[in-house]
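Undergrad: Structure in structure tokens, see below.
Nothing in this text is a laboratory measurement; each read-out follows from the coordinates by a stated rule. If you're wondering where the values come from, they're calculated on a predicted model, not measured in any experiment. FYI the Cβ positions are ideal-geometry reconstructions off the backbone, even for glycines, and counts take in every protein chain you see.
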Amino acid sequence: MQERKCWQPVMYERELTTSPKSVKLCGERLVLWRDQKNAIHALKDLCIHRGTALSLGTIRGNEIVCPYHGWSFNGSGACTFIPQLEDQKKIPEKAKINSYKCRSQFGIVWVALEDPLWDLPEIPELNDKNWHIAETGPFPWQANASRQVENFTDFAHFPFVHPGLLGDPSRPLVPEHTVVAEDHILFYEVHRPEATNTDEFPIFGNPTQETPMRWNSYKLYLPFTIVLTIRWDNTPNQMIYFFASQSVSDNECIGYCIVAKNYGEDDSNTIRKFEEVIFDQDKRIVESQRPEQVPFNLAEELHLKFDAVALAYRRQMKKMGFKNE
Ligand code: FES
Ligand SMILES: [Fe+2]
């Protein structure tokens, strides 16, 4: 499964402490923890002795201790202590748990179940002190990650699902756009008049004219990560939306959405509330979609000209070796 060979988000970094934390990725249960030197570790959440979830255990020093019979495992999954053994030199070689590559980047913890094919994107703005950063969500949906990502890229639904917030029902036309594919990255840009800021969520950096022109530049990193840069005419104000979906299982995903902006005050709370509303509006639509996974066979759904991104996503996913399960 190609998704196993990709960095995927598993939690915001602030959620990871020196207590074991259980997560699920591509149907597999993992345990993560932060050791005393602040390094993070990810093991399969299953003790080799009797199949107990290690995440129910405790962290001692830098190691995880199984709650059932107290065996200890280090960050690479090797068993280092078996309390019932008189001679610790006799720990069998088989006493080992699968360990996985993990790292933290952009305030998110990432895991790759197999050697990752591609690196994470570079987004210097997210490390720039002049930008305000809001971590929104996470957004757990009963949907395949491919549907959650495709929803994030879909322009045609704005006036219908997010009227007044992201789209205007009197302007349903999707502006012309072309998609360029380079290996696992899709590039495209849309220039369109947008809905004005609402009184409740005045988060966008546009000047206050009626229908501000907005530039949306997208980079979609297959399979499930998007960097969207937003600019408006006549202002240096910019926003960046960084979105990544965790493929929890075939029909569960969790979206992480970081919103950064280079203007105004830090209004993270308002941004978080705004994204709660937006993602909630999308959720019931996307959870209803069948088949659960985006079908990579183009004949399976009906595509029109304005669905260029959806078409490119399907073609390129297939080309990069992703399969419908
Ligand atoms: S089940 Fe983990 S130590 Fe026995
Ligand atoms: Fe939406």
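Undergrad: Loop-only trypsin sites (Lys or Arg not before Pro) in the stretch 81-154, please: DSSP not H, G, I, E or B, and at most 15 other Cβ atoms within 10 Å.
TA: Within the stretch 81-154, the qualifying trypsin sites (Lys or Arg not before Pro) (loop, at most 15 other Cβ atoms within 10 Å) are LYS94, LYS129.
Undergrad: Of the trypsin sites (Lys or Arg not before Pro) in the stretch 1-75, which ones lie in a loop per DSSP and count no more than 10 other C-beta atoms within 10 Å?
TA: Counting only loop positions with at most 10 other Cβ atoms within 10 Å, the trypsin sites (Lys or Arg not before Pro) in the stretch 1-75 are LYS37, ARG50.
Undergrad: Another one. Label the stretch 102-157 by shape, choosing from rounded, prolate and oblate, from the square roots a ≥ b ≥ c of the eigenvalues of the Cα gyration tensor; if a/c is under 1.5 it is rounded, and otherwise prolate applies when a/b is larger than b/c, oblate when it is not.
TA: Oblate shape, in that a/c is at least 1.5 and b/c is the bigger or equal ratio.
Undergrad: Next question, about the same structure. About its Cα centre, what dipole magnitude does the stretch 2-112 give when the only charges are +1 on Lys and Arg Cβ and -1 on Asp and Glu Cβ, stated in debye to the nearest 20?
TA: 200 debye
Undergrad: Given a cut-off of under 8 Å on Cα pairs at least six residues apart, what relative contact order in percent is computed for the stretch 105-214?
TA: Relative contact order, the stretch 105-214: 14 percent.
Undergrad: Oh, and also: For the stretch 245-308, which trypsin sites (Lys or Arg not before Pro) pass both filters: DSSP loop (anything but H, G, I, E, B) and at most 10 other C-beta atoms within 10 Å?
TA: none
Undergrad: From the cross-link list LYS44/LYS94; LYS37/LYS261; LYS219/LYS305, which pairs have alpha carbons spaced over 24 Å apart?
TA: LYS37/LYS261
Undergrad: Near TYR218, within a Cβ-to-Cβ distance under 14 Å, what is the net charge of the other residues, with Lys and Arg +1 and Asp and Glu -1?
TA: Summing Lys/Arg as +1 and Asp/Glu as -1 gives 0.
Undergrad: Work through the residues other than LEU117 whose Cβ is under 11 Å from its Cβ and net out their charges, Lys, Arg +1 and Asp, Glu -1.
TA: Cβ neighbours under 11 Å give a net charge of -3.
Undergrad: I would also like to ask the following. Once you list every other residue whose beta carbon is under 10 Å from the beta carbon of PHE201, what net charge do they have if Lys and Arg are +1 and Asp and Glu are -1?
TA: Computed value for this residue: -3.
Undergrad: Relative contact order of the chain: what whole-number percent is it, with Cα pairs under 8 angstrom and at least 6 residues apart?
TA: Relative contact order comes out at 18 percent.
Undergrad: Another question, if that's okay. Which number comes out as Rg/Rh for the chain once both Rg and the Kirkwood Rh are worked out on C-alpha atoms?
TA: My calculation of the ratio gives 1.03.
Undergrad: Could you give the nm distance between label points at GLU301 and LEU117, where each point is 7 Å from its Cα heading toward the beta carbon?
TA: For GLU301 paired with LEU117, the spin-label model returns 2.0 nm.
Undergrad: Note down the magnitude of the dipole of the chain about its Cα centre, charges +1 on Lys and Arg C-beta and -1 on Asp and Glu C-beta and zero elsewhere, to the nearest 20 debye.
TA: In debye, rounded to 20, the chain gives about 1180.
Undergrad: Something else about it: Suppose every Lys and Arg Cβ carries +1 and every Asp and Glu Cβ carries -1, with no other charges. What dipole size does the stretch 50-130 come out with about its Cα centre, to the nearest 20 debye?
TA: Taking the Cα centre of the stretch 50-130 as origin, the dipole is about 460 debye.
Undergrad: So, one more: Got the relative contact order for the stretch 42-87 handy, in percent, Cα pairs under 8 Å and 6 or more residues apart?
TA: Computed over the stretch 42-87, the figure is 24 percent.
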